[in-house]
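**Student:** The following block contains the structure, expressed as structure tokens.
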Amino acid sequence: MTEPFISRGFRGRGRHGATAARLPPGQYETPDFPVLSAGPTPRTPVATWDFLLRGADGPAARWTWDEFQALPHETVNTDIHCVTKWSKLDTIWEGVSLDTLLAEAAARGVKSAPYVLAVSDGGYTTNLPLADVAGGRAWVAVKYQGVPLTPEHGGPARLLVPHLYFWKSAKWVRQLRFMEHDTAGFWESFGYHNYGDPWREQRYSGDA
Ligand SMILES: Nc1nc2c(c(=O)[nH]1)N[C@H]1C(S)=C(S)[C@@H](COP(=O)(O)O)O[C@H]1N2
Ligand SMILES: [Mo]
């Protein structure tokens with residue numbers, strides 16, 4: 001009788017077989033999709049939505065919703081890891097690669113810089129090195145599991161940077177600002193790690 005109980009327990013902890021290798025240290029697998037928001041859920045209609053990639057100085061690149069939808073979209077299957085210790089495996093997103101947006105912005109004369117600050121409706125911010133949003137590792141996602149993102153999960157559009165803790169994936173993102181100097185975002189200024197690599201368990205500012 002003990003064996004079924006034990007294996008059920010192991011599955012429940014998400015530490016069964018191949019799953020374990022996909023869980024960063026200290027994380028457990030959840031089948032749910034928890035909602036974590038520091039404030040109220042903004043509801044921006046796509047008719048007034050736009051996305052800005054703002055240069056360190058000089059011009060910004062701007063896309064309306066229709067212009068944004070006309071850009072090439074990619075489907076991304078990835079695992080996501082929240083600093084509160086849940087991980088969700090094989091999530092499927094659709095969105096525009098930051099590589100596409102960065103190339104378009106460069107073509108329009110937007111001045112690049114080594115850091116970016118994501119700025120969302122509602123005032124949430126998060127900072128990232130430019131290198132981490134380039135090279136096929138970051139998207140502005142507009143769909144989750146094949147349907148438009150719900151407002152709770154960041155709709156109409158959210159950042160998706162799955163190789164870092166999920167607080168870096170700013171919901172309701174409207175701007176990416178190039179920054180000459182790294183500037184702490186919302187959670188980063190409240191003691192969370194500046195970079196947030198889940199595989200190095202960089203949860204808080206004191207972590208290596
Ligand atoms: N604008 C905004 N983006 C945000 C947050 C937030 O509070 N506001 N929370 C972050 C955190 S801590 C996590 S874990 C994920 C949660 O995304 P979800 O609610 O879709 O699961 O969004 C991140 N992006
Ligand atoms: Mo989180």
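The values are calculated or read from the model by the stated rules, or taken from the named source; none is laboratory data. Not measured: the values here are computed from a predicted model. Positions of Cβ are generated from backbone atoms using ideal geometry, with glycine treated the same way; all protein chains shown enter the neighbour counts. Quick note on the areas: whole protein, heavy atoms, side chains included, nothing else; ligands and nucleic acids left out. Shrake-Rupley method; radii C 1.70, N 1.55, O 1.52, S 1.80 Å.
**Student:** Residue under question is Tyr204, and the condition is that it be within 14 Å of ligand 2 (Cβ to nearest atom), over 24 Å from Asp57 (Cα atoms) and open to solvent by 50 Å² or more (accessible area, probe 1.4 Å); does it hold?
**Tutor:** So Tyr204 passes the test.
**Student:** Inspect the stretch 159-168 for any residue being on the phi < 0 side of the Ramachandran plot, under 13 Å from the mean Cα position of the chain (by Cα) and open to solvent by 30 Å² or more (accessible area, probe 1.4 Å) and give the result as yes or no.
**Tutor:** Yes, the stretch 159-168 has at least one match.
**Student:** Among the residues of the stretch 71-93, what is the count of those that are of a type in the set (A, V, I, L, M) and out of contact with any strand residue (DSSP E or B) (no Cβ under 9 Å at 6 or more places or on another chain)?
**Tutor:** Residues that pass the stated criteria total 0.
**Student:** I would also like to ask the following. I'm checking my understanding of the structure. Among residues of the stretch 43-61 that are within 16 Å of ligand 1 (Cβ to nearest atom) and assigned to a loop (DSSP other than H, G, I, E, B), which one is least open to solvent (accessible area, probe 1.4 Å)?
**Tutor:** Trp49
**Student:** Please determine, by comparing only the residues of the stretch 80-100 that are over 12 Å from the mean Cα position of the chain (by Cα) and within 15 Å of Tyr144 (Cβ to Cβ), which one is nearest to ligand 2 (Cβ to nearest atom).
**Tutor:** Lys88
**Student:** Taking Ala138 as meeting all but one of (1) open to solvent by 30 Å² or more (accessible area, probe 1.4 Å); (2) without any contact (Cβ under 8 Å) to a residue 60 or more places away in the chain; (3) more than 10 Å from ligand 1 (Cβ to nearest atom), write down the number of the exception.
**Tutor:** Unmet for Ala138, out of (1) open to solvent by 30 Å² or more (accessible area, probe 1.4 Å); (2) without any contact (Cβ under 8 Å) to a residue 60 or more places away in the chain; (3) more than 10 Å from ligand 1 (Cβ to nearest atom): (1).
**Student:** For the stretch 62-109, enumerate the residues that are within 16 Å of ligand 1 (Cβ to nearest atom), loosely packed, with under 15 Cβ neighbours inside 10 Å and within 20 Å of Gly136 (Cα to Cα).
**Tutor:** If the condition is that a residue be within 16 Å of ligand 1 (Cβ to nearest atom), loosely packed, with under 15 Cβ neighbours inside 10 Å and within 20 Å of Gly136 (Cα to Cα), then Asp90, Ile92 are the ones that fit.
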